[in-house]
1. In segment 347-377, which residue that is among the aliphatic types (A, V, I, L, M) and touching a His at 6+ places or on another chain (Cβ under 8 Å) is modelled with the lowest pLDDT?
2. Could you list all residues from segment 254-310 that are buried (at least 17 other Cβ atoms within 10 Å of the Cβ) and of a type in the set (K, R)?
3. Out of all the residues in segment 239-264, which are in a helix (DSSP H, G or I) and of a type outside the set (V, I, T)?
4. Considering segment 313-330 alone, what residues qualify as being in a loop (DSSP other than H, G, I, E, B), polar (S, T, N, Q) and surrounded by 15 or more Cβ atoms within 10 Å (Cβ to Cβ)?
5. Would you confirm whether or not segment 368-375 contains a residue that is more than 18 Å from L279 (Cα to Cα) and small (G, A, S)?
6. Go over the candidates L333, L339 one by one and state the one that is of a type in the set (A, V, I, L, M, F, W, C), over 18 Å from the mean Cα position of the chain (by Cα) and either assigned to a helix (DSSP H, G or I) or on the phi > 0 side of the Ramachandran plot (or both).
7. Going by the structure shown, is D271 free of Cβ contacts under 8 Å to residues at least 24 places away in the same chain, acidic (D, E) and assigned by TED's automatic domain parsing to the domain that holds L103?
8. I need a count of the residues in segment 30-69 that are without any contact (Cβ under 8 Å) to a residue 60 or more places away in the chain, of a type outside the set (D, E, K, R), outside any helix (DSSP H, G or I) and over 18 Å from D237 (Cβ atoms).
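The values are calculated or read from the model by the stated rules, or taken from the named source; none is laboratory data. All of these numbers come straight from a predicted model, not from anything done at the bench. In this analysis, Cβ positions are derived from the backbone assuming ideal geometry, glycine residues included, and neighbour counts consider all displayed protein chains.
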Amino acid sequence: MTKTVLLVLATSLLGPTLLRGDEPKTAQEAEADAFPRGEPAKFGINGDALEKLRKRAEEAKSDAVVILKDGRLVADWDFGRERGPIEAMSATKSIVSLAIGRLIDAGKIKSIDQPVCEFYPEWKQGRKKLITLRHLLSQTSGLQNVASTPVEINPSPDFVQLALAAELSDEPGSKFLYNNKAVNLLAGVVQRASGMRMDKYLAKEIFEPLGMTEVGWTLDRSGNPHGMSGLQIRAIDLAKIGQMMLDEGSWKGKQILSKDWVSKSIAPSQDLYPSYGLLWWLHPESESLAVDDSIVKHFKDKGMTKASLKKLESLKGKPIEATKFWSTVGQILRGDEVLKTKLAELNAGLPQLKPIVSGPVRSYEAQGYLGQYLIVIPRDRIVAVRQRRGPGTNNPEEESKRGFAGFGEAVAALVEEPAGKP
């Protein structure tokens, strides 16, 4: 995975709000209604690869895995654990994007290039008037950001006002920087555009049409739903969202989102970081990363020894397959006498590297802390979900294993490459 920032779940004194139907169905009933079961082999799923994925998921302490192929349920594992909503962490962001798309489709938002100041007039002064919804959705707003969510965002009683009050650290559109604070502002935009709180709007316009009867959402102390995280959702329901996206916004013959919005969501949203859409992570056919001066400086500032810095510098400018990049750098970190005891602290201020990409987007995904994944592979018509309940462990190496960073690659291996493809 190319995401390099460790995100922390934002909690709230108010706790989650739960949205339920009058008579919630059992998990098994909901699954049967949503997707017919299919024999994996009949749908081109490699049995050995599927069993390998299951074992790895179990070893990683997964709480839920759901895999769809051609709209059929070919895997549904809970490993003997409780079925029910699980905090989606930062995978929530991709669901927030659905609300913006639905409002654009309904004509309540003009476009993603509409200035945020049209919803919040206090931004009509100074450089903030240049910030558009596209900037918030593509992580290029330029709003000042503290990487540690517990330090800056969690103590705030009002996440929307915190974002509105933020200064600019960069010109809007000039830098890609993953920014929880900026995404939280979208909850306020959705409410002002729709007249409904974002979680309630999504429940009415997206969740209910998809037959989702049990969804929770964490609020801040002022009653704003979080945008950066906070969605509690069952694996089968997250898979429904993935299937809707795969089917170009359609669910069981009903158009929930426009084809146009879906295609824009999963296309590169800017040139600064081409592996990011509109709050969706993108994975092209080929994607590499390379150590640069910003990475060397980061670890030097953290106290990396001269011997380890020399090893790190030897990698400068050499493209490394994105899925192997951080394991390669991690070997150096784990061998460093200064840093090996504080791996969990190294994400603060970690530079976001621009990937070297080629070819079309092969898959797209929502992802979050602790190893929450919703992955869609259009070519193979696969939707895959992996969830894990918190809290995390205090052991960095154990946490790395339980995060299941190779889930996407394991899912991609379920279907053999088409004949003639290298």
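1. Of segment 347-377, the ones among the aliphatic types (A, V, I, L, M) are 348, 350, 353, 356-357, 361, 366, 370, 374-377.
Filter once more, so that each one left must be touching a His at 6+ places or on another chain (Cβ under 8 Å): 350, 361.
Numbers: L350: 82, V361: 93.
The residue in question is L350.
2. Hits for segment 254-310 are K264, K302.
3. Initial filter on segment 239-264 (in a helix (DSSP H, G or I)): 239-246, 259-264.
A239, K240, G242, Q243, M244, M245, L246, K259, D260, W261, S263, K264, listed by residue number.
4. Here is the first cut: in segment 313-330, the ones in a loop (DSSP other than H, G, I, E, B) are 314-315, 317-319.
Cutting the leftovers down to polar (S, T, N, Q) gives us 314.
Correct list: empty.
5. Just the residues of segment 368-375 that are more than 18 Å from L279 (Cα to Cα), to begin with: 370.
Checking the rest, the ones that are also small (G, A, S) come to none.
Checked against the condition, which is being more than 18 Å from L279 (Cα to Cα) and small (G, A, S), segment 368-375 yields no hits at all.
6. Details: L339 fails: either assigned to a helix (DSSP H, G or I) or on the phi > 0 side of the Ramachandran plot (or both).
None of the other options fit; the residue is L333.
7. Numbers: free of Cβ contacts under 8 Å to residues at least 24 places away in the same chain: yes; acidic (D, E): yes; assigned by TED's automatic domain parsing to the domain that holds L103: yes.
Criteria met by D271.
8. 1
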